[in-house]
Structures are given as C-alpha cells and as structure tokens.
Amino acid sequence: MLETVKLTKSFKDKKVVDEINLYLHAGESVGLLGPNGAGKSTTISMIASLIRPTSGDVKLDGKSTIQNPSDLRKVLGVVPQEIALYEELSAYENLKFFGKAYRVERERLEVRIQEVLDMVGLKDRQKELIKTFSGGMKRRINIAAALLHNPRILILDEPTVGIDPQSRNHILETVRELNETHGTTVLYTSHYMEEVEQLCNRVYIMDHGKIIATGSKEELMSILSSEDTIGVQLSKRSEAFTDKIKTLPDVLQVEQTKEGLRILAKKNHNLLSNLVHAAEKEGIQIMNYQVEIPSLEDVFLHLTGKTLRD
Amino acid sequence: MYPVFYAQFLKDKRKPLLILLFIGLSILATLIFGNSAWGSKTSVPIFASGPNSEEIEQKWVKLLNKDSDTEYVISEEKTAREQVREGKRDVAILLMEKDYRLITASDMPNIQLVEHEVHKVFTEEAQLQAITGSADTAELREEIDRYLENPPLTVQTKSVNGGELTSHNMGTQLLFGFTLFIAMFTIGFKVNGINADKVSGVWNRLNLSPVSKTNMYSGHLLYSFFIGFFQMAVVFLIFDYMMNYEIGPLHIILTIAAVFTLSSVSLAMLVAGFTKTPEKFNMVYPSVIPLIPIISGVYVPPGVMDNPVFTFIADLFPLGYALEAMMDTALFGAGWSEIMLPVSLMLLIAVIYMGIGINLGERERC
C-alpha cells in the first residue's frame, strides 16, 4: 500500500536518513523504533510529503507521491509530535477549524467531530479551551484532529511523550481500535518499546538514519535466541564490580539499573558461578538472579549497544 | 483561506484586550503628546552673572520674548543649572553683554531651534548697534518699527494651489504618527501568527490538508491587514467625529491608511521570514519598530531630521511616506494626484518585502 524506496535526506552533507526501505500493507500496524535523533521524525515527514527527500521515493499503491502528493494527503492522517492546536480555541473549535481545512462537508463535519471526540474520550470537554487541558488531553485532541477526514493511513509520531498513564492507555486503546475495528493502517513511532510491542504487528528499528532490523516481534526476538538477559539484584552498587563483570567471558553488555545490573550475555552455564565468585571478592551479596524473557528493548540493546532512551 | 482567517478572528474575539489596548494607546498618546506639543509654550530659563546681571537680563528678556513661540524666563543661575542637570529643562541660557552661552546636557532637536532663535536676536542687536555706533538701540528699533508699518514692499505667501498657506500642525502630525506607529505593532504581532503556526505544527497540519500554501499565507496576512486597518480607522473616526480634529477628507486618509497597512504587513512578513520563530520575532520586531518614527521625523517638525543616513534608512520604511501623504491631505488639501508618489512607494515596499519575506520563510520548508 505505502512504501519507501531508498529514501534519503541529507542536511549539509550529513545523511539524516540513509536509503530507507519500508512498506506498510493495508490494515497493518507497523512500529518505527529508534532513539532520539535516529531520524524517525524526518522519515515520517518525508513519507507525509512535508519534506522533500534528497533522493529516493515514497509510493502509494505503486505510484510515486513525490511530485504530486495530493492523492497521498487525501488518505493520510498525521499526528505530529508537537501539539499542533490553537491553545486559545476550544477543542470543538479546533476540530471544526481542521475539519473545514480538510473540506469535510458541513453536515458531515458536525457528526464527525462528535465521533472523533467520542473516540478519544473527550466529548464532554469539547467546549473547554485547549490551554486548560492537561498534556494528555491535548495529545488526545491532537489525534482527534488527524482523524476528521477519516484517513486510511495514520502516522503517529511519538504520540505519548510526557503524558499521564491514563491518557497514555487511552491513546493506545484508540490506536488499537482504529487499526483493529476500522482497518486503519498505522505507522507508529516511539521510543517506548512496550507501546510498540503492544500495538504493532511488525517493527522497524532505526539508528543513525538507517534501518538496522525489521520483522515481526517474534522474528526480532529470535535474534537473541543464543543470548540471555539477566537481571541481578545487588546489596550495594560498585563501579569496580560492574567493570569486572564486563570483562567476564561471554558478557556482551552490562547496564546499571536501580537494583543492580542488567547483563546481556551469550548462553553460558558458568556465568552464575563467575558472578558469585566476583561478588565475593568485592564483598557484595547477590540478592536476586533472574534470567529475563527477552524483550524488544533487549533486541535494541543488542543491535545498537544502547537503550532506546539514551 | 477562510478557515485560517476565521480561526485568527476567533482567537482575537476571545482575547480582544490587545487590540483595544492599542486603540486606547493611539488615542492617549495623541492627546497627551499632541496637546502638549500644540498648546503650551516651551519655557527656557535665562540668567546673567556679574555686577550688572540684572540690567543684562532685563535687556535681553524683552528682545528674546518679542515674536517668539518660546518663553524665556529670568531665573537664578543655580536653579537654572540644577534644572538642566536634573533633566527638568533641556536648555538654559547664560546671557552676557554682547554674547550668550547655551547650557545643556543633551543634543535634542528643540535645542537647535532655541539656538537658532537666540542667535538671530543677538545678531540683529549687533547689527543695530553697528548702525547706531552705541549700545542704545531702542530709538533705532522704534524707527524701524514705524517704517515697517507702511513698508515699500509687501510679500504675500500662498500655497501651491493658490490657497492660504497653512501653518504646520504638530497635533495632527502626532495623531497620524502615533496611530500609524501603534498599528505597526498590532500588525506585526498578528503576522507573527505565521511563525507561531510553523513552530506549533499547525502549519504542517494545514499543509497536509487541501488548503494551499497561498491560502494559508493569505488567511493570515489578510487578517493582519484587516485588524491593523480596523484599528487605524477606529482612531481616525474617533478624532474626526468625536474630537473634531482636522484630519482632512476621510476617504483619502483611509486609502492612505490601507496602503500603509499593506506595506506594514509586508514589512512584518519580512521580519517574520528572517526570524523564523515567534520568540525571535518578538525580540527583533519591537526593538526595531520604535526607531522608525524617530528616524522618519514623526516626533519633530518637518525639516528637523536632515541627517542623510537616517533619511535614507527612513526611506526604506513606509511610515514616512504615509505620514507625508496624510499631512499633505489634512493640512494642504492634497488630492489623489499629489499623494500618488508616496502611495506608489508604499506599494513598492509592500511588493518587495512581501516577496522576500515569504521566500525567506519558505526556505528549508519545501
């Protein structure tokens, strides 16, 4: 349905997005994961025809959209990362404004405004000014504004940044409903791994402007089939101990957590005994040792050597 | 275009304070500064020192106050110097038998006017003394006055179109000046809505809708024009109908105001194009705009602002042209043909600045 072919964007000789190929089938929910600065927003802006790519193409149903993006824009809804609303107007007035801009017919617009407000759970607050809303409520109206013209494809750029858990759940439920009930194709970018795990059938992982891995959740997990993620709870923190663990055989990554350490290591039956031995030498007690079920976060750590929120 | 225009209107409808404040400011500034510049005489303290100071003061105070718009008042030396030092007076004059000294702490245009006037009186007195060959010129003055009652030659002054020559009216000039100047602020803050929309993401959202970029710009710029013109029209109507100011034929004044609004919208668009963000605009625009009336000579009588660099810079802004056209209309009854040049120059400014401004605003936003 929608695909990018070697999509590239350079700013002053620096490639921000580097020959990205991705596709979205109709009705699919696809995640685009990456840390801050990975190039997700630039990719989305190019797909949405807001920025012209340096090279490459964006195709809708096999037709290029670079020269004439009007067909794409008709079927596309974009939820930007920023709150793209007029703070001085009410939720209803904002939706009416964007509905008119999208040329939704007058009679249909009234019905549609109530539908999208219902969808984001803010029907009873529609007369209130946006500036009086919480961050979460603003983000929900931000989504509602992108749904007014009933888009077939919805692109959401980090729609849950900095909001309360209740609004976050509501947003995730809304996106899931749009995808499952209404058949809307979703491209969801986030650096919250758990959201993507929850919502998306397929994931693209991006870093330094490139796609570094792609596949279903299970396919990506299989990358770690030969590795374990181990959570270790320690009696106290010690830099010397952390450095020592990094030097143990088969240890790939060590990350300090609130309780102790998170270790990514090749499957190795001697790791526990090596750990205990090192802890004894440093005078540290191991309170808990747990081999964790790998998550996409672990896949990301494995692929990039850093966590998503680095 | 209509949804963009209407959204801006809704925002102002909800918060009309800024517009009302600017209308009030235009009226207030004209009333305060206009009336003081118009009605009251400027007072200048004069003093002499030495044993015959009283005699010198009495001699010159009469001559200085004869046919003068400025009031010269005899004062204590200490008081006069203190008043200048504390900024209560711009200038004081130390009188001598045949000479004078200006005591001032600044270099304002009104000091030049006082200097000019005092110099003329002292030169005239010196000429009379040279004719009589003594310090007593009273008799010769009387003789000259008598002679001038029936002069051999009389000069009649008429305006270009044959009417009576009208004296310059600073009250009217300040009314036009303040109204145009304050409207520039209103217009600027409204045009800055484009930058605000670009930063907030509303612009991108509209970009994805069927609304074209031309319509997006038109909606914003037309609204800025509408609100700026509305503000000026309200002020002019109040002064014309409620305060009985002579502002000339309203239809011509409003036409000039409309063209000025258009070029001010373009000027604001140029600044918006350079600054790109509302915060930078709010920093640059209010810093630059207050300088325009100063260099355009809005606060001083015509001819005082004669520095070629300042005049050249002033020529790049529409305020001077609008003021010139409005003053010509109000004071000298100028018609369409007489105001054609300043109006055309304002239109030229509008076209050039708008083109550059939109181009700059669209860079890296393809």
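The values are calculated or read from the model by the stated rules, or taken from the named source; none is laboratory data. For clarity, every value in this text was computed on a predicted model and none was experimentally measured. In this analysis, Cβ positions are derived from the backbone assuming ideal geometry, glycine residues included, and neighbour counts consider all displayed protein chains. Side chains included, ligands, DNA and RNA excluded: accessible areas come from the protein's heavy atoms. Shrake-Rupley method; radii C 1.70, N 1.55, O 1.52, S 1.80 Å.
Within the stretch B:227-345, which helices (runs of 4 or more DSSP H) (wholly inside it) include 3 or more residues that are over 20 Å from B:Phe33 (Cβ atoms) and of a type in the set (Ser, Thr, Tyr)?
Where helices (runs of 4 or more DSSP H) fall fully within the stretch B:227-345 and carry at least 3 residues being over 20 Å from B:Phe33 (Cβ atoms) and of a type in the set (Ser, Thr, Tyr), they are B:250-275.
For the stretch B:251-272, the count of residues that are farther than 27 Å from B:Gly333 by Cβ and within 14 Å of another protein chain (Cβ to nearest Cβ) is zero.
Looking at the stretch A:127-147, which of the residues that are within 13 Å of chain B (Cβ to nearest Cβ) and in a loop (DSSP other than H, G, I, E, B) is surrounded by the most Cβ atoms within 10 Å (Cβ to Cβ)?
A:Glu128
Within the set A:Ser238, A:Ser216, A:Ser273, the sole residue that is at negative phi and in the same structural domain as A:Tyr192 (by TED's automatic domain parsing) turns out to be A:Ser216. Number of residues in the stretch A:186-210 that are closer than 16 Å to A:Pro159 by Cβ and open to solvent by less than 10 Å² (accessible area, probe 1.4 Å) equals 8. Looking at (1) open to solvent by 80 Å² or more (accessible area, probe 1.4 Å); (2) within 14 Å of chain A (Cβ to nearest Cβ), which is the only condition B:Glu324 fails? Looking at each condition in turn, B:Glu324 falls short on (2).
Suppose we filter B:Ile292, B:Ile238 for residues that are open to solvent by less than 10 Å² (accessible area, probe 1.4 Å) and either within 14 Å of chain A (Cβ to nearest Cβ) or β-branched (Val, Ile, Thr) (or both); which single one remains? It is B:Ile292.
Quick check on my filter: what residues within the stretch B:197-219 are within 7 Å of chain A (Cβ to nearest Cβ) and either of a type outside the set (A, V, I, L, M, F, W, C) or in contact (Cβ under 8 Å) with a residue 24 or more places away in the chain (or both)?
First, the residues of the stretch B:197-219 that are within 7 Å of chain A (Cβ to nearest Cβ): B:200-202, B:204-211.
B:Ser200, B:Gly201, B:Asn204, B:Arg205, B:Leu206, B:Asn207, B:Ser209, B:Pro210, B:Val211 - these are the residues of the stretch B:197-219 that are within 7 Å of chain A (Cβ to nearest Cβ) and either of a type outside the set (A, V, I, L, M, F, W, C) or in contact (Cβ under 8 Å) with a residue 24 or more places away in the chain (or both).
Of all residues in the stretch B:343-361, those satisfying the criterion of being without any contact (Cβ under 8 Å) to a residue 24 or more places away in the chain and either more than 17 Å from B:Thr214 (Cα to Cα) or surrounded by fewer than 14 Cβ atoms within 10 Å (Cβ to Cβ) (or both) are B:Ser344, B:Leu348. A count restricted to the stretch B:13-29 and to residues that are within 14 Å of chain A (Cβ to nearest Cβ) and within 15 Å of B:Gly177 (Cα to Cα) stands at 0.
I'm trying to understand the selection: among the residues of the stretch A:116-125, which are in a helix (DSSP H, G or I) and open to solvent by less than 70 Å² (accessible area, probe 1.4 Å)?
Within the stretch A:116-125, the subset in a helix (DSSP H, G or I) is A:116-119, A:123-125.
Listed by number, the residues that qualify are A:Val116, A:Leu117, A:Met119.
Take the conditions (1) out of contact with any Leu (no Cβ under 9 Å at 6 or more places or on another chain); (2) of a type outside the set (Gly, Ala, Ser); (3) within 14 Å of chain A (Cβ to nearest Cβ); B:Asn52 misses just one of them, which is (3).
Quick one: in the stretch B:60-72, of everything that is at pLDDT 85 or above and open to solvent by less than 60 Å² (accessible area, probe 1.4 Å), which residue is nearest to B:Thr104 (Cα to Cα)? That would be B:Tyr72.
Taking the stated definitions as given, is B:Glu57 surrounded by fewer than 16 Cβ atoms within 10 Å (Cβ to Cβ), more than 30 Å from B:Asn204 (Cβ to Cβ) and either modelled with pLDDT under 85 or not basic (Lys, Arg) (or both)?
no
Note on the stretch A:97-112: among residues that are surrounded by 20 or more Cβ atoms within 10 Å (Cβ to Cβ) and at the interface with another protein chain (Cβ under 7 Å from one of its Cβ atoms), the one that is nearest to A:Pro151 (Cα to Cα) is A:Tyr102. Taken as a whole, the stretch B:173-190 holds at least one residue that is within 14 Å of chain A (Cβ to nearest Cβ), in a helix (DSSP H, G or I) and open to solvent by less than 80 Å² (accessible area, probe 1.4 Å).
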